[in-house]
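I have placed the structure first, in the form of structure tokens, so that the comments after it can refer back to it.
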Amino acid sequence: MLKGERDAADVQVVERRDLSSTPDLLRVGDAVLLFLAPAARSSSLAAALPPGGRYVEAVQGREGVFAGGATDVAEAAGVVSRIAEATTAPAPDPAERAARRRALVFDEIGARLPRVVADGAFALPGVPDLAATLSEAERERLTAALQRTDLPSWVRVALVRGVAAAELTTLATVLRTLPAPDAATLEASWVALRELGSPPTADELDAALAGPDPGARAAAARALVATNAAGSAERVARLALADPDADVRVAAAEALANATDPRTLALLEKTFLQGDWPVRQAAGRSISAIGGRPAQETFERLAWSGRPEVPTYAVTLLMLTGIAPDDPMLVRIRTTHPDEAVRHLVEDGLPKGHVHE
């Protein structure tokens, strides 16, 4: 429904797209809920459309189109109508307004269209005292939504994060047994479980680390570091060097930046030396993130490595820590390093505008 009076003529919706191969925004026979705004005028638009018409377009392109089955779209339209009513004609009693808002959040979570579900998930943490007053019906609706495998990954992640932010500890078991989670949903569930005081078990992480999904292995590496368990940093360092997938190796090296094991810098030093170039870069970022004099000392030791490319890169990272030009470590490299290129790097300094990638 357009703001203001509705004409008897058809609503004329403008669709903009750069490529003819882009799928149609609106298709004949679709049921749609449209969020519309006056079409922005331009010379190209004026040339393409008959003059004198009243044209509108979907807000933010595809973001303004909710399409699906007629029943699902009618359900979404009902939710939007209730949101509009709550804004334009709110209940006079504060308790009634809060109750209506809460009911609306859970009706969104129980809706069929994914983007309506997501809106409810984002609103979940804002429901007052939810953890203490969650009803059985509300719990069942949340459980059903969490167990849906037809929702896009980002919506499942939003639901998981909403449960954690609302501190719904009673749903920890549901988070632990999500059906067919992709890597992003699985990782979100582990983070949520940790926030709810029920972190993933060693068996759960081991199963993911041994599994075929690289995304799950990368997520498990990050989760393993977060456990701070004995030997966890060593296991992740081995993953950074030995996993068959390059993305997993990089993720593992980056995860070590958050390890609390006192041997972490030594593990990263080994990873820096033995890893391929992307892993070396990731290890360098992790050493830099740990920071302080210990990180500088690590880079200084690496500067004396005889392996190709290692000294130059290590010195570059050392200089990016903000170390003073007259620091004994740099003086020693500048005056005694066997590689002339490394000595010149310290003497001349980094090129202006150099960024650590």
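At a glance:
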quantity	calculated
Residues whose placed amide H lies under 5 Å from that of L36, excluding near-sequence neighbours	V59
Loop-located trypsin sites (Lys or Arg not before Pro) in the stretch 15-94 whose Cβ has at most 15 other Cβ within 10 Å (DSSP)	R16, R17, R27, R41, R54
Cα gyration tensor category, rounded, prolate or oblate, for the stretch 136-291 with a/c compared to 1.5	prolate
log10 of Debye I(q)/I(0), alpha-carbon scatterers only, for the chain at 0.09, 0.11, 0.12, 0.13 Å⁻¹	-0.76, -0.92, -0.97, -1.02
Spacing of the two label points (7 Å from each Cα toward its C-beta) at A289 and R343, in nm	3.7
Inter-label distance, nm, simple model (7 Å from Cα along the C-beta direction), V11/Q274	6.3
Gain on full stretching of the segment that runs from E136 to F122 - 0.36 nm per residue minus C-alpha separation	3.0 nm
Pair-distance profile P(r), taking every C-alpha pair of the stretch 71-112, with 10 angstrom steps and integer %	29, 52, 18, 1
Calculated from backbone phi, Karplus (6.51, -1.76, 1.60) coupling profile of the stretch 234-244 in Hz, x at Gly/Pro	5, 5, 5, 5, 5, 4, 5, 9, 10, 5, x
For the stretch 265-270, 3J(HN,Hα) per residue [Karplus equation, 6.51 cos²θ - 1.76 cosθ + 1.60, θ = phi - 60°, Hz, x = Gly/Pro]	4, 5, 5, 5, 4, 5
The stretch 1-154 shape via C-alpha gyration tensor axes, a/c threshold 1.5	prolate
Efficiency of FRET from Cβ geometry, E167 and D327, R₀ 45 Å, rounded to 0.05	0.40
Shape of the stretch 71-176, Cα gyration tensor, a/c cut at 1.5	oblate
Protein-only accessible surface order, largest first, of T335, T264 at 1.4 Å	T335, T264
The stretch 258-308 - Rg (one decimal) and Dmax (whole number), Cα, Å	10.2, 30
Stokes-Einstein D for the stretch 226-267, Kirkwood Rh over Cα pairs, 25 °C, 0.890 mPa s (µm²/s)	242
Relative contact order (%) - the chain, alpha-carbon pairs under 8 angstrom, separation at least six	7
Alpha carbon convex hull of the stretch 190-233, volume per residue in cubic angstrom	65
Under-5 Å amide H pairs with Q12, H placed in peptide plane, nonlocal only	V56
DSSP bridge pairs, the chain: antiparallel proportion in percent, nearest 5	70
Listed residues E167, E347, E204, most fluctuating in the chain (Gaussian network, C-alpha, under 10 Å)	E347
Simple label model, 7 Å out from Cα along Cβ direction - A31 to R112, nm	0.6
Protein accessible area in the chain, 1.4 Å probe - carbon and sulfur %	54
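The values are calculated or read from the model by the stated rules, or taken from the named source; none is laboratory data. This is a predicted model, so every value here is computed, not measured. Cβ coordinates were reconstructed from backbone atoms using ideal geometry, including for glycine residues, and neighbour counts include every protein chain displayed. Heads up: the accessible areas ignore ligands, DNA and RNA and are worked out on the full protein's heavy atoms, side chains in. Shrake-Rupley method; radii C 1.70, N 1.55, O 1.52, S 1.80 Å.
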